[in-house]
1. Once phi is turned into ³J(HN,Hα) by the Karplus curve 6.51 cos²θ - 1.76 cosθ + 1.60 with θ = phi - 60°, what whole-Hz value does each residue of region 319-331 show in order, with x for glycine and proline?
2. Any idea how far apart ALA696 and ASP416 come out in nm if each label point goes 7 Å out from Cα toward Cβ?
3. Tell me the carbon and sulfur percent of the accessible area for the chain, rounded to whole percent, probe radius 1.4 Å.
4. Among 135-142, 199-206, what's the highest-first ranking by average C-beta atoms within 10 angstrom per residue?
5. What is the chain's relative contact order, in percent, from Cα pairs under 8 angstrom and six or more apart in sequence?
6. Shape of region 281-420 from its Cα gyration tensor (a ≥ b ≥ c, root eigenvalues): rounded if a/c is under 1.5, otherwise prolate when a/b > b/c, or oblate?
7. Alpha carbons only, please: Rg and Dmax for the chain, in angstrom.
8. Would you mind pulling out the separation of the Cα centroids of region 112-187 and region 373-426, in Å?
Amino acid sequence: MHRRGFDVTQFSKSLVPAKALGLSFAAACLAGTALVSPARAQDNGGALPAINVDATRLVGTGGNAGNTGAPANTIGIVGASTTVITKEDIARAPNQTIQEIIATAPGVQLTNLYGAVNGAGSVVDLRGFGAFASSNTLILVNGRRLNEADLQGVDLSTIPIQSIERIEITRGNSGAVLYGDNAVGGVINIVTKTGVGLGKPYGGRIEGGVGSYGQREGNASFSTNHGPWSTAVFGNAIHSDGYRANNKLNQQNGVGDIRYTTQDFSAFLNLSGDNQQLGFPGGRGNMYQVVFGAPIVNELLDPRGTHTPNDYGRKQGVNATAGFTKSLWAGAELIVDGGVRNKKQQAGFFGDPAWTPSFPGDVAPFSYVDSNLTTWSITPRLSMKNMFGSVTSNILTGIDYYDSRYSSNRQYTISDPPNHVYSLSQQTIAGYWQQTLGLLPSTDFSYGGRLQQLHLKARDVYDPTAPAGSLIAQATPLDKDEINHALHVGLEHRFNENFAVFGRAARAFRTPNVDERVVTGPAFDCSVFPCVGIPQNFQLKTQTSYDVEGGVRIHGGPLDIQTSYYDMHLKNEIHYNAATFFNYNLDPTHRYGSETQASLRINEAFRIRGGFAYTRAVFEEGPNTGKDVPLVSRLSGSAGFTWNIWQKYAVLDASARFWSSRRLDNDQANTQSLIGANATIDLKLSGEVDRFFWSASVINLLDAQYNDYGVASAFTAGSFSAYPLPGRMFLVKAGMTF
């Protein structure tokens, strides 16, 4: 049963509003570099493409792929499984959020806790990490990491969709060499548009839309290009009442970019900001009980309701980033960029208004969190392209320095003094090297390594006299230094223009973030009455993963297929125990599976696409050996088509996603009921007439009633809390370009 007016997930979020408040896109349209193959750069005569990217980070094929016309890995890391979602795919997609668009790629699963309003708080999961997917999937914008030192993850809902040039997904942990921790399940790089190569002095776009549940949105962009100078500005605003009670969203995002580009020198300055307010409707319990002795209620009979009508989250983000690229000699470039990001977050958790004390001195389940995180970074690197006889060589080497300062006030209510003030500072400095060799016109080989040093200082200022201050004891100080490393080796061979094989092996790591360190052991000792607090110590072990992967690519005229198999072993995986309310290191876990994607162009007017994944995530040792890791569906997939009915005046797009059942969070023993399998179908009819465009979408066409997240009760077998998602929705948009 969910007692005291709140369930275990709600209480955990009063300690750490983990998925409530994510990092904004506005905090991240940073550098002007992105994933691209050296082969692609060579095919352009060595010049930068119009979107101003280069091979400064994830280095792809060795430069010979273009000579064969073979199905080469034109983005990402040699030996890795990759997917590219183009701006045309994004524009046509009936899916309304970036997370849903990414989830059409095989092996990607979603978790939604907040009604999926515009995708706010929705988490993308690569290769089955369940509740901790946000800490095991690395998100980049233009080749710079967004993942911060806290647990909130990256909120992709703050990215204006119209600003995206393409999305590049590189699966597996090989990205850790170039980017450090978080790249365990894979790397998602979002490449944004710039004013470079605009082709005219200026251009712009405005769009408005209305939809179900009071949704109203507006988007605008403007770009200029004059000589070596270019600018681009993107902004959007959205309001929605949300599917559920206390699910209202108000969000605004803006980003501005100015660039100077010449043949051997380029520079940029990026400024951005965001603001989000979101109501937290909480879970719906199948056996909800507001207090001991109260009637048991099945809240799932009213999926749109809430018993937390006053819970909310707010966040504000600002950032500035600048950098330059300078050609040093033929084939060599120095790339230097750095920046500062600031993220402020507030969250209030006030439980069920019907709550009453169960015993004298009982305290209402209130909590208010006010956090501030500032990160400074500088990431100089050197890119060198050379020929050694018939062998091409692409080398990327550099240094990453990040300095994060985090403070968090934990209060009983917004007007009370804090009972705990957590302050953590974390500095990381890393050196890395990755080389890609075109050994033969048909064979590419890459290897690389990273050495990263971390220094962490954590403190807790404790006031037992503050309201609720006696409940949790003061944490012991922590000063910690550690060194971690990542490794990668990959190979790709193209037998002919229709068939290629690839494979890789890698080691990666994930360091505990600041929020996870705040709660690292049982917070209470209830063997006595009343319960007493237990001091925390900020101690968690670093998670490590070991990957191998192999696959094939097939290209035959209008047909493209990619399929791969992977095997991953993890030690000290970091997890949250919702029964005892603290983070800990799991026994060794094992993930393995296969992913297949395919597309077929029937003719110029009709194209079909689809993907399928088998994902297993199991405990490898300990009391739950052989059991499934919660929140991971074994089977998932997607299918869709694009039909150009009448030139560009009428285009019909359809997209379907399906997923099998998954275990409830907090059910490591696999003894509770399952979150059911389900599927959704989305349709979109769109068109263009001269400079004007329009679209009409139906989301969840068959009105499926479902949820993709739920948590088992820590107290009563068979009791759980689910987070219902919307049924059928409609959205109409229209706009113009100039």
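The values are calculated or read from the model by the stated rules, or taken from the named source; none is laboratory data. The shown structure was predicted, so the numbers you read here are calculated from the model rather than taken from an experiment. With ideal geometry, Cβ positions are generated from the backbone for all residues, glycine too; neighbour counts draw on all protein chains shown. The accessibility values were calculated without ligands, DNA or RNA, using every heavy atom of the protein model including side chains. Shrake-Rupley method; radii C 1.70, N 1.55, O 1.52, S 1.80 Å.
1. Running phi through 6.51 cos²θ - 1.76 cosθ + 1.60 with θ = phi - 60° gives 7, 9, 9, 9, x, 8, 10, 10, 6, 9, 7, 4, x Hz.
2. 5.3 nm
3. Details: 15930 of 25890 Å².
Carbon with sulfur: 62 percent of the solvent-accessible area.
4. 135-142, 199-206
5. Values: 2373 pairs, mean separation 103.8, N = 738.
After rounding, I find 14 percent.
6. Values: a/c = 4.65, a/b = 2.65, b/c = 1.75.
It comes out prolate by the Cα gyration axes.
7. 25.1, 83
8. 15 Å
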